[in-house]
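Peer 1: Sharing a structure, written as structure tokens. Questions coming.
A short reminder: the numbers here are calculations on the coordinates, not readings from a lab. Predicted model, so just to flag it, every value in this text is computed and none were measured. Cβ atoms come from the backbone with ideal geometry, glycine included; neighbour counts cover every protein chain shown.
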Ligand SMILES: Nc1ncnc2c1ncn2[C@@H]1O[C@H](COP(=O)(O)OP(=O)(O)OP(=O)(O)O)[C@@H](O)[C@H]1O
Ligand SMILES: [Mg+2]
């Protein structure tokens, strides 16, 4: 099976170029304000959040930044599959510890230099409650000391509280949408959901654009 970490395996492809452009735009934005923690969300499921988060994390790591990718989708997170790791412990297990300094035992070093991953862990019965606990605050405080960038692979913002809960730790929110897939009204609804709680969306990543030699995303299958 072809690796989904396309920025690592096919750095010269259009899609890798475009993901590096997203990275550059975020880096420029970080010149004028603190921009360390980036939440990747979307409106509905399956638009490519995990794909974009993982590849964006690789892109930052390739730029000599120390990066932590957090799989905060405690419902169906699959970052461990993308990194080819079987049933790793992760965020949900860490949140059951008493002291979040234990994070060092839960962060996995990836095969890519500078890139570390906190996988999802065991699927818990109460994802939103776990994400809403004070322990999440401690986790981000510790992680921000250690890492240059933290990429959070989140969940859709429409219909679930998780992404809105996570947004309080993020300096930037990127919404992923997919061509011929994302309903426009759902994308608007997701944007408004963040705005309603006072956190503006930083940008939208358009994913799964057919390859017509455009400057936009292409399918990584091509
Ligand atoms: N640019 C792309 N080209 C082709 N396939 C893609 C692309 N981006 C994502 N996919 C595929 O689309 C599917 C959904 O992607 P992904 O799991 O990243 O979405 P998601 O938004 O994280 O979904 P969920 O809401 O379930 O967490 C996966 O099979 C993934 O491999
Ligand atoms: Mg996902």
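Peer 1: The conditions are (1) under 27 Å from residue 24 (Cβ atoms); (2) within 16 Å of ligand 2 (Cβ to nearest atom); (3) within 17 Å of the chain's Cα centre (by Cα), and residue 182 fails exactly one of them. Which is it?
Peer 2: The number of the failed condition is (3).
Peer 1: Any residue at all in segment 19-28 that is within 18 Å of residue 209 (Cβ to Cβ) and within 13 Å of ligand 1 (Cβ to nearest atom)?
Peer 2: Yes, segment 19-28 has at least one match.
Peer 1: Looking at 35, 5, 39, 56, which is the one that is surrounded by fewer than 18 Cβ atoms within 10 Å (Cβ to Cβ), touching a helix residue (DSSP H, G or I) at 6+ places or on another chain (Cβ under 7 Å) and within 30 Å of residue 142 (Cβ to Cβ)? Spell out how you get there, then give the answer.
Peer 2: On the way: 5 fails: surrounded by fewer than 18 Cβ atoms within 10 Å (Cβ to Cβ); 39 fails: surrounded by fewer than 18 Cβ atoms within 10 Å (Cβ to Cβ); 56 fails: surrounded by fewer than 18 Cβ atoms within 10 Å (Cβ to Cβ).
Answer to the selection: 35.
Peer 1: Mind listing just one residue for me: the one in segment 77-99 that is closer than 15 Å to residue 40 by Cβ and out of contact with any strand residue (DSSP E or B) (no Cβ under 7 Å at 6 or more places or on another chain) and, of those, nearest to ligand 2 (Cβ to nearest atom)?
Peer 2: 78
Peer 1: Let me ask something else about it. Among the residues of segment 28-58, write down those that are assigned to a helix (DSSP H, G or I), under 22 Å from residue 194 (Cβ atoms) and over 13 Å from the mean Cα position of the chain (by Cα).
Peer 2: Across segment 28-58, the qualifying residues are 28, 29, 30, 32.
Peer 1: Among the residues of segment 193-205, what is the count of those that are within 20 Å of the chain's Cα centre (by Cα) and without any contact (Cβ under 8 Å) to a residue 24 or more places away in the chain?
Peer 2: Qualifying residue count, segment 193-205: 1.
Peer 1: Any chance segment 121-135 includes a residue that's within 14 Å of ligand 1 (Cβ to nearest atom), surrounded by 16 or more Cβ atoms within 10 Å (Cβ to Cβ) and within 19 Å of residue 73 (Cα to Cα)?
Peer 2: Yes: one or more hits.
Peer 1: Among the residues of segment 161-199, which ones are part of a loop (DSSP other than H, G, I, E, B) and over 26 Å from residue 141 (Cβ atoms)?
Peer 2: Hits for segment 161-199 are 179, 180, 181, 182, 183.
Peer 1: Right, here's the next one. Report yes if residue 149 is under 26 Å from residue 64 (Cα atoms), surrounded by 18 or more Cβ atoms within 10 Å (Cβ to Cβ), touching a strand residue (DSSP E or B) at 6+ places or on another chain (Cβ under 8 Å) and in contact (Cβ under 8 Å) with a residue 24 or more places away in the chain, otherwise no.
Peer 2: Criteria met by residue 149.
Peer 1: Among the candidates 158, 117, which residue alone is in contact with a strand residue (DSSP E or B) (Cβ under 9 Å, 6 or more places away or on another chain) and assigned to a loop (DSSP other than H, G, I, E, B)?
Peer 2: Result: 158 is the single residue among 158, 117 that is in contact with a strand residue (DSSP E or B) (Cβ under 9 Å, 6 or more places away or on another chain) and assigned to a loop (DSSP other than H, G, I, E, B).
Peer 1: Follow-up. What residue, among those in segment 59-75 that are within 16 Å of ligand 2 (Cβ to nearest atom), part of a loop (DSSP other than H, G, I, E, B) and within 23 Å of residue 142 (Cβ to Cβ), is farthest from the chain's Cα centre (by Cα)? Give the steps one after another, and end with the answer.
Peer 2: Of the residues in segment 59-75, the ones within 16 Å of ligand 2 (Cβ to nearest atom) are 69-75.
Now narrow it down to the ones that are part of a loop (DSSP other than H, G, I, E, B): 72-75.
Okay, now just the ones that are also within 23 Å of residue 142 (Cβ to Cβ), so 72-74.
Working: 72: 8, 73: 9, 74: 13 Å.
Selected residue: 74.
Peer 1: Cβ-Cβ under 6 Å, sequence separation 6+ or interchain: first residue in segment 61-78 and in contact (Cβ under 8 Å) with a residue 60 or more places away in the chain and under 15 Å from residue 20 (Cα atoms), partner more than 12 Å from ligand 2 (Cβ to nearest atom) and in a strand (DSSP E or B). Which pairs?
Peer 2: Every condition considered, the pairs that remain are 65/149; 67/115; 67/149.
Peer 1: Another question, if that's okay. Could you list, in sequence order, all residues of segment 76-112 that are part of a loop (DSSP other than H, G, I, E, B), within 16 Å of ligand 1 (Cβ to nearest atom) and crowded, with 16+ Cβ neighbours inside 10 Å?
Peer 2: 77, 78, 83, 90, listed by residue number.
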